Amino acid sequence: MHRIRLLIVDDHLVVRAGLRSLLAEEPDMEVVSEADSSEEALIQVKNYAPDVVILDIQLPGQSGLEACREIAANYPNSKVVILTSYANQSFLHQAIRAGASGYVLKKVGSEELVRAIRAAYNGDNAFDTHTTSQMVARLKKLESMMEDSAFNGLSQREMDVLSLVAEGDGNKEIGQKLNLTETTVRNYVSNILSKLDLRNRIELATYAVNHHLKDHMD
């Protein structure tokens, strides 16, 4: 059985010793080296070609994120799992952009770290449950913001017209329901098409459904 070769990078000796002791209990893992700085980490990656680098962000000199970026660019077979105390969205996003395969908080249980190491080794994204929940919440917020912006620039009356277009009503029916002339409805539809950069009523209806127009009409 191939053992996952690990490099531990942390500037605290006690942390490194604790991780080494913890990971020594895993039959499929082997700590091949340690480093206490980003500069030393890059030397060790070159010398030992570890499968997974367990890397802290806050290191003396060059930051762990910079080391992560260099490892990802120059040693793609060595996957990086960030192990940090910082439950910070900014650090998380920077780590992902730097090429990290995983992001684990030091406060989580050892099982989470072990699972993340195996996931990174197998080419999967490796995040602990706390970090994953943060990412999901962030994505939901972004999705909500995108939906809110989908109808920016439309007046309330234009929203009313769009809602009826989405239901399949023609200009005459919309005019009757909103007490407008067909010409006025036609002008509203034309304005909506222009504002949303769409070509016809079918695209309008599809756009309204895809961006959950009904949720904006409550």
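Taking the C-alpha atoms only, the angle from helix 182-196 to the longest principal axis of the chain is near 20 degrees.
Only helical runs count toward this figure. For the chain, summing -39,500 (n - 2.57) over DSSP H runs of n ≥ 4 and dividing by all residues gives -17500 deg cm²/dmol at 222 nm. Near Ala126, the amide H atoms lying under 5 Å from its own belong to Gly102, Tyr103; only residues 5 or more places off or on other chains count, and H is placed 1.01 Å from N.
Sparse packing (at most 12 other Cβ atoms within 10 Å of the Cβ) combined with a DSSP loop state is found for none of the trypsin sites (Lys or Arg not before Pro) in region 27-86.
Helix 89-98: angle to the longest alpha-carbon principal axis of the chain, degrees 0 to 90, nearest 10? Value to nearest ten degrees: 70. The Cα trace of the chain gives Rg and Dmax of 26.7, 79 Å, the first to one decimal, the second as a whole number. Between the helical axis of 13-24 and the longest alpha-carbon principal axis of the chain there is an angle of about 90 degrees.
Averaged over residues, the count of other Cβ atoms within 10 Å places the peptides 102-114, 200-212 in the sequence 102-114, 200-212, highest first.
Since every read-out is calculated from the coordinates, none of them should be taken as a lab result. Quantities reported herein were computed from a predicted structural model and do not represent experimental measurements. Using ideal geometry, Cβ is built from the backbone for each residue, glycine included, and neighbour counts are taken over all protein chains shown.
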